[in-house]
Amino acid sequence: MKIVPLKAFKDNYIWTLRSGSHAAVVDPGEAQPVLDYLEAEGLELSAILATHHHPDHVGGIAELLSTRKCPVYGPKNEPIPTLTHPVSEGDTVRIPEIGAEFSVLDIPGHTRAHIAYYGLESLFCGDTLFACGCGRVFEGTPEQMFASLSKLLALPDPTLVYCGHEYTLANMQFAKAVEPANTALAAREKRDQALRDRGLPTLPSTLGDEKATNPFLRCKEPAVIDSANKYLGSRMGDPVSVFSAIRQWKNVF
Ligand code: ZN
Ligand code: FE
């Protein structure tokens, strides 16, 4: 099994899982990059997985289905008319053609019923957890988003994080503003800048990396609490308020 990023739009990744002559794709916002890849590599499409309803993640599904036939998995409680298999927390997605099995996790916040797929020591988390950042809270509450990120945080450190966008370097500029003295963050920036200089993705990252450098997962760290309080001119310490403050700050950064 190999996991390959296909670029879409400006900074989206369509994660393509391939084994033998079969492939599955996660979040095909556009059909063409997928069709080109399947054609070039002689692959059959065995499944489509969607994490949430935004067009840059599901926009290519209808076109893929016009020439290919396969099951389409996605969040049960979101408006995605192309789904054949609506799923939610507790469900298992099996793709025998590529030897993959994923458990579905509900991680609402960015959207109302956003889901993640966890399996093969890998996490496909759409626009909820980004490398060194997190998605905007569009349809849920900061409480929900914080709980969703905490759920992901409980997975093992070596878990590979495959998120929906290449936002890493921009996210790090904000992370440095929150935690200027974080040495793990400085080291990671050097490494990831070198990857981008060579035109390579910074993904996947690992949950271990995220725990050490992602401010949105570090809301109990004194340095993050201090920065949140400086931003708001307040004195609070509970992690949800800290999360909410730095999320607001990032929106205008
Ligand atoms: Zn989105
Ligand atoms: Fe997106």
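The values are calculated or read from the model by the stated rules, or taken from the named source; none is laboratory data. Computed from a predicted model, the values in this text were never measured in an experiment. Here the Cβ positions follow ideal geometry from the backbone for every residue, glycine too, while neighbour counts run over all protein chains shown. Protein only, heavy atoms only, side chains kept; ligands, DNA and RNA dropped before computing areas. Shrake-Rupley method; radii C 1.70, N 1.55, O 1.52, S 1.80 Å.
Out of GLY140, GLY109, GLY42, any idea which swings most in a Gaussian network model of the chain, alpha carbons joined below 10 Å? Sorting by GNM fluctuation, first place goes to GLY42.
Assuming charge only on the beta carbon of Lys and Arg (+1) and of Asp and Glu (-1), the dipole of the chain about its Cα centre is about 620 debye to the nearest 20.
The range 128-253 has equivalent-ellipsoid semi-axes of 23, 16, 13 Å, by the square roots of 5 times the alpha carbon gyration tensor eigenvalues, sorted largest first.
Provide ASP157, ASP56 ordered by accessible surface of protein heavy atoms (probe 1.4 Å), highest first. Working shown, then result.
On the way: ASP157 75, ASP56 40 Å².
The ranking, largest first, comes out as ASP157, ASP56.
Summarised in one figure, the compactness ratio Rg/Rh of the chain, Cα atoms and Kirkwood Rh, is 0.98.
Using the 1.4 Å probe convention, the accessible area of the range 1-44 works out to 44 Å² per residue with neighbouring protein chains retained. Toward the positive end of the charge dipole of the chain, with +1 on the Cβ of Lys and Arg and -1 on the Cβ of Asp and Glu, the farthest Cα among VAL93, ILE115, LEU149 is that of LEU149. Converting phi to 3J(HN,Hα) with the Karplus coefficients 6.51, -1.76 and 1.60 and the offset θ = phi - 60°, the range 189-196 yields 4, 4, 5, 6, 4, 4, 5, 5 Hz in sequence order, with x at every glycine or proline. Shown for the chain: the carbon plus sulfur share of the solvent-accessible area, taken with all protein chains present and a 1.4 angstrom probe, equals 53%.
Report relative contact order for the range 2-252 in percent, whole number only (criteria: Cα-Cα under 8 Å, sequence separation at least 6). Don't skip to the answer; put the middle values down first.
Details: 508 pairs, mean separation 32.8, N = 251.
Relative contact order comes out at 13 percent.
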